[in-house]
Amino acid sequence: MQSRSVAIFLDDGGVINDNTLRASQWQGLVGEFLAPRLGGTGRAWADANAAVAGQVFNEHFLRPGQNPGADYRETWERYQESWLLGMCEKLGVTVPTADVLPLAREAHAYVTRRVLAAFPSVVDVIRELRTDGHRLYTASGENSTELEGYLGAMGVRELFTELSGPDLVNTVKGSVLYYRRVFEHAGIDPANAIVVDDSSSMARQASEAGARAVLVAADPPANLDGVDVIGGLTELPALLRAGSAR
C-alpha cells in the first residue's frame, strides 16, 4: 500500500548518523584542522576536544531550569568560544580574542563537511522516502550549518526541503516550543507532519505539538501512548506504506 505524501522531520544524531562513530571522527578532524593553525599535534587537539566538548556543551545548553525560549543563537556563540578556548587552555595556546569565534566556526565547518557516520543503508532510505513523494526536513539539536555539512557529505542534502536546527528557530531543542517553531518556520501543519527521533522525551514533545511521532529505539520505554516505535530508520518506509500514517 502506497503511503500518502507527508512532511517527515528527521532527527540527525541517533537516527541518520551514529553519534558514537561521529564522535571519534570529530576528534581526529578537529586535530587535523587546528594543529597546522595553532601548533601542537593532531592527537593533542583530539584529546583536548574529547575532554572539553561535552563539558562545555552541558554548561551552556543543559542548565537546570533553562528557559526554552532563551536566545539560542547568542548561547551558541558563547559555546563555540568556550569550546575553542577550553581546548587552547589545555594546550597552552593563546588566540587573539577577535579570532576566537571565526576560527571556531571555521573548525566546525571543516569537520562537518568531512564526517561520514551514517547508519547502514540510511542514505538509500532517505532516497526512497523522497522517491515515495515525502517532503524531508530535519528537526535536530544541531545547527542548520552543521546539518548542511553532514548531509552534504552523505550526498543527500538536495533531497531535503529545509534543515531545521535550533539556529533557524532561535530555540534550543528539548521542548514543545521547539517543535512548534520548527513547524511554523517550515510552514507545515503539524497534523501533516511526522517526527522521527531516538529520544522518547523528544518524541512525546513532538506528539504534544501535534505531529505524529516515531521513536527509533531497540528497547523502548513503557508508556509511549500515541508514539510508534521502529528499530531504525530503515523500517520507516514500510511503516508508512502499511497505511498507519495519519
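For segment 20-112, the share of alpha carbon pairs falling in successive 10 Å distance bins from zero is 16, 50, 27, 6, 0 percent. Scalar couplings 3J(HN,Hα) for segment 226-241, obtained by applying the Karplus form with A = 6.51, B = -1.76, C = 1.60 to θ = phi - 60°, are x, 10, 6, 10, 10, x, x, 4, 4, 8, 5, x, 5, 4, 5, 5 Hz; x denotes Gly and Pro.
Per-residue ellipticity at 222 nm computed for the chain from its helices equals -16500 deg cm²/dmol, with DSSP H segments shorter than 4 residues left out and the rest contributing -39,500 (n - 2.57). Bridge orientation summary for the chain: considering DSSP beta bridges with both residues in this region, about 5 percent are antiparallel. A Cβ-based charge dipole, computed about the Cα centre of the chain with Lys and Arg at +1 and Asp and Glu at -1, lands at about 200 debye.
Rounded to whole numbers, the Karplus 3J(HN,Hα) couplings from phi for segment 50-61 are 4, 7, 9, 4, x, 4, 5, 4, 4, 5, 8, 10 Hz, using 6.51 cos²θ - 1.76 cosθ + 1.60 with θ = phi - 60°, and x at Gly and Pro. Relative to the dominant Cα principal axis of the chain, helix 19-38 is inclined by about 30°. How would segment 1-73 be classified by its alpha-carbon gyration tensor: rounded, prolate or oblate, with rounded meaning a/c under 1.5 and the a/b versus b/c comparison settling the rest? Here segment 1-73 falls in the oblate category.
Once backbone amide H atoms are built at 1.01 Å from N, V229 has L215 as its partners under 5 Å, excluding neighbours fewer than 5 places away on the same chain.
Projecting the Cα positions of C88, T41, N67 onto the charge dipole of segment 20-112 (unit charges on Cβ atoms of Lys, Arg, Asp and Glu, taken about the Cα centre) puts T41 furthest along the positive direction. For the chain, averaging the sequence separation of C-alpha pairs within contact (under 8 Å, six or more residues apart) and dividing by the residue count gives a relative contact order of 26 percent. Considering only N170, N49, N223, the mean-square fluctuation computed in a Gaussian network model of the chain, springs between alpha carbons under 10 angstrom, is largest for N223.
Applying 1/(1 + (r/R0)^6) with r as the Cβ-Cβ distance of A191 and E106 and R0 = 41 angstrom yields a FRET efficiency of 0.50. Each Lys and Arg contributes +1 and each Asp and Glu -1, all at the Cβ; summed about the Cα centre of segment 20-112, the dipole is approximately 200 debye.
All of the numbers you see were taken from the coordinates with simple rules; none came from a lab. Everything numeric here is computed off the predicted structure, so don't read it as measured data. All Cβ positions, glycine included, derive from the backbone under ideal geometry; neighbour counts span all protein chains shown.
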